[in-house]
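Read the structure below first, then the notes.
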Amino acid sequence: MSWKSRVRPFIPKPIMQRYIAWRVASNQKTVRQRLFDQYGRYAEYTLTQRSLPELFPEGRQASIEVPVASIVRDDTMEMPLAELLSLAGVTQISQPKTIFEFGTYMGATTRMMAQHSSPETKIYTLDLDIKTRNEYLRRNGYQFELSFTPGQHFHNTPEASKISQLWLGLEPFDFSPYYGQMDLVLVDADHSYPFVKADTEVALKLVRPGGVVVWDDYTWVDAHPECVGVTRCVNELADRLPIYRIQQTRLAIYRVPA
């Protein structure tokens, strides 16, 4: 008989009930609580929030447009409306000539940036090559497959001519031709920490002085705990760079000094 079994009869019932309730609660910690326990402050939303007018005082009078089809966002993997509008605002105000996007997905964010940039803007958007992506996922330990068509929201649209679709195959992608060439970089691909960290390191090489880097999913819902990789990576970077959270959105932003 264990010592717990021997002493249990001598413990007052109310105390035992509270102890059992505490054990149950401890074993039923939310995913978020477990991540907080694991990563500490790096899993918390510690970035200072700033509104777009505070981040871009020169763009207080800027206006944006949104397609009616984008108002309702049923796909939880797509960028929500508030974030989509904020990204459009960043693009409209900063007027980038070159944009690099990690993670095309359906292409809604790609098209929104294309719609709010100048006709001469060139957008490069990177996603997994549809011919090899499921093998890529298996090699990296994922147990699911993908079947969507990347970029379908901008296919056959007036903005498509501004957009170059890039593919990541089974071999590492060569980013070097794009180093120091980008005015705006969006990091929104694999959200697990090693991949966000790798993409962020590249993003900081891609962006030119005076440019902007944006991360999606700095904040997240419990259904997508993998996004803590973004939170952790951005918080670590914020220890040495002035990164802010765009107010009332899940976007983080860094304006590179000119």
**Complete:** Across (1) over 24 Å from residue 56 (Cα atoms); (2) surrounded by 15 or more Cβ atoms within 10 Å (Cβ to Cβ); (3) of a type in the set (A, V, I, L, M), residue 170 clears everything bar (2)
**Message:** Let me spell it out: the conditions are (1) crowded, with 24+ Cβ neighbours inside 10 Å; (2) in contact with a Phe, Trp or Tyr (Cβ under 6 Å, 6 or more places away or on another chain), and residue 205 meets all of them except one. Which number is the exception?
**Reply:** (1)
**Asked** Of the residues that make up segment 56-68, is at least one on the phi < 0 side of the Ramachandran plot, modelled with pLDDT of 85 or more and part of a helix (DSSP H, G or I)?
**Response** yes
**Fill in**
Only unsatisfied item for residue 176, checking (1) under 17 Å from residue 199 (Cβ atoms); (2) touching a residue at least 12 places away in the same chain (Cβ under 8 Å), is (2)
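Identify, please: which residue in segment 125-138 is buried (at least 19 other Cβ atoms within 10 Å of the Cβ) and not basic (Lys, Arg) and is, among those, nearest to residue 183 (Cα to Cα)?
Once the filter is applied, the top-ranked residue is 125.
For every residue, the table says whether it meets (1) of a type in the set (D, E, K, R); (2) more than 23 Å from residue 127 (Cβ to Cβ); (3) in contact with a His (Cβ under 9 Å, 6 or more places away or on another chain); (4) buried (at least 16 other Cβ atoms within 10 Å of the Cβ).
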position: 179; (1), (2), (3), (4): no, no, no, no
position: 186; (1), (2), (3), (4): no, no, no, yes
position: 191; (1), (2), (3), (4): no, no, yes, yes
position: 196; (1), (2), (3), (4): no, no, no, yes
position: 224; (1), (2), (3), (4): no, no, yes, no
position: 227; (1), (2), (3), (4): no, no, yes, yes
position: 231; (1), (2), (3), (4): no, no, no, yes
position: 235; (1), (2), (3), (4): no, yes, no, yes
**Asked** Out of curiosity, is residue 29 of a type in the set (Lys, Arg), within 25 Å of residue 222 (Cα to Cα) and modelled with pLDDT under 65?
**Response** yes
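In this structure, is residue 82 under 25 Å from residue 204 (Cβ atoms), within 21 Å of the chain's Cα centre (by Cα) and surrounded by 15 or more Cβ atoms within 10 Å (Cβ to Cβ)?
no
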**Request:** Identify the residue in segment 94-108 that is surrounded by 21 or more Cβ atoms within 10 Å (Cβ to Cβ) and of a type in the set (Val, Ile, Thr) and, among all such residues, is farthest from residue 165 (Cα to Cα).
**Result:** 99
**Message:** Quick check on residue 135: is it part of a loop (DSSP other than H, G, I, E, B) and over 18 Å from residue 198 (Cβ atoms)?
**Reply:** no
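The values are calculated or read from the model by the stated rules, or taken from the named source; none is laboratory data. Small disclaimer: the values here were computed from a predicted structure and weren't measured. When we count neighbours, we look across all protein chains shown, and the Cβ atoms used for this are built from the backbone with ideal geometry, even at glycine.
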